[in-house]
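Undergrad: Here it is, the structure in full.
The values are calculated or read from the model by the stated rules, or taken from the named source; none is laboratory data. Since this is a predicted model, take the numbers as computed values, not measurements. Positions of Cβ are generated from backbone atoms using ideal geometry, with glycine treated the same way; all protein chains shown enter the neighbour counts. Each accessible area value is taken on the protein alone, full model and side chains, heavy atoms only, with ligands, DNA and RNA left out. Shrake-Rupley method; radii C 1.70, N 1.55, O 1.52, S 1.80 Å.
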Amino acid sequence: MKIFHIPAFTDNYIWAIQKDNHITVIDPGDSGVVIEVLKNNNLTLMDILITHHHYDHTGGITTLREMMEGKVYGPDNKSIEGIDVTLKETDLLTTLGYDFRCIETPGHTLDHISYYSELQNVLFCGDTLFSAGCGRLFEGTYSQMYKSLSKLSGLPDETSVYCTHEYTLSNLKFAQDQIEDIDIRNEIEDLIKKIEDGGISLPSTILKEKKINLFLGYKVPNDLQSLCPEDQFRELRIRKDSF
Ligand code: ZN
Ligand code: FE
């Protein structure tokens, strides 16, 4: 499966799946950058997949709808204009011949869903799971987000993880502040080199996140070890909010 990123705003990635001369985009917050890619590469827009209602993920829908061949998939939220097909837990969709399953991942927002292809080992997780971090809780509870992240970390280790924001380095710096860990330290060094060479931090994998993402609970700071996993998560999220 060919997947590439279209940078948008300051730190958003609009992910594009390509099959021959068609692409499907995930969370097109900005139509302009997508249209440019379509024109410059003679591509046609097939479908749009939406993870949640925030404008930096949905702002391009109405313009792009006019030029697409397929459908707009997204959560069941009437406040999002232009959704053709709403999805809930375990619903399937096929785009460009690839099957994706909807995983409900509330927490960042209540409507948040993620898209998982078991066959291709690919996860589009919007603002739920970031590399070395997770989304802020704007609407959901700590418990909801904890469960959502548990669902995602339960996917196979080799799953490629496509998040919507480039927050990795600042997330890693928070992690380093919380725990003394060789994987986190190495990841910071590697990523700084990668960025200097013009690269980006994504995609990650579930296996990598288990090693560097404290919010998944596989590594726990010393002072949180007496708490239950869900309380560890809550405490970390609160600390990160004010880091
Ligand atoms: Zn968001
Ligand atoms: Fe966002």
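Undergrad: Out of the residues in region 100-140 meeting the condition of being of a type in the set (Asp, Glu) and open to solvent by 10 Å² or more (accessible area, probe 1.4 Å), tell me which one is farthest from ligand 2 (Cβ to nearest atom).
TA: So the residue we want is Glu118.
Undergrad: Can you spot a residue in region 73-82 that is of a type in the set (Ser, Thr, Tyr), exposed (fewer than 13 other Cβ atoms within 10 Å of the Cβ) and either within 16 Å of ligand 2 (Cβ to nearest atom) or under 19 Å from Ile14 (Cβ atoms) (or both)?
TA: The answer is yes; a qualifying residue exists.
Undergrad: Would you confirm whether or not region 141-164 contains a residue that is within 16 Å of ligand 2 (Cβ to nearest atom) and open to solvent by 60 Å² or more (accessible area, probe 1.4 Å)?
TA: The answer is no; no qualifying residue exists.
Undergrad: Go over the candidates Leu96, Leu87, Leu155, Leu137 one by one and state the one that is at positive phi and not polar (S, T, N, Q).
TA: Exactly one residue qualifies, and that residue is Leu96.
Undergrad: Then there's this: Give the residue, chosen from Pro28, Pro7, that is at pLDDT 95 or above and part of a loop (DSSP other than H, G, I, E, B).
TA: The unique qualifying residue is Pro28.
Undergrad: Of the residues Ile35, Ile50, Ile26, Ile3, which single one is in contact with a Gly (Cβ under 6 Å, 6 or more places away or on another chain) and of a type in the set (A, V, I, L, M)?
TA: Only one candidate passes the filter, namely Ile50.
Undergrad: Restricting to region 85-99, give me the number of residues that are open to solvent by 70 Å² or more (accessible area, probe 1.4 Å) and of a type outside the set (Ser, Thr, Tyr).
TA: Count: 3.
Undergrad: So, one more: Any residue in region 179-199 that's surrounded by 12 or more Cβ atoms within 10 Å (Cβ to Cβ): show its pairings with residues that are among the basic types (Lys, Arg) at Cβ separation under 7 Å, as long as the two are six or more apart or on different chains.
TA: Ile179/Lys219; Asp181/Lys219; Asp183/Lys211
Undergrad: If we keep just the residues of region 7-31 that are within 11 Å of ligand 2 (Cβ to nearest atom) and among the charged types (D, E, K, R), which is least open to solvent (accessible area, probe 1.4 Å)?
TA: The selected residue is Asp27.
Undergrad: Continuing with this model, one more query. Would you point out which residue out of Asp47, Asp56 is within 16 Å of ligand 1 (Cβ to nearest atom) and either crowded, with 17+ Cβ neighbours inside 10 Å or outside any strand (DSSP E or B) (or both)?
TA: Only one candidate passes the filter, namely Asp56.
Undergrad: Shifting gears a bit: Are any residues in region 173-207 more than 21 Å from the chain's Cα centre (by Cα) and among the basic types (Lys, Arg), and if so, which ones?
TA: Those that are more than 21 Å from the chain's Cα centre (by Cα) and among the basic types (Lys, Arg): Arg185, Lys193.
Undergrad: Only strands (runs of 3 or more DSSP E) wholly contained in region 80-166 count here; list those with 1 or more residues that are free of Cβ contacts under 8 Å to residues at least 24 places away in the same chain and away from ligand 1 (no atom under 12 Å from the Cβ).
TA: 85-87, 92-95, 98-104
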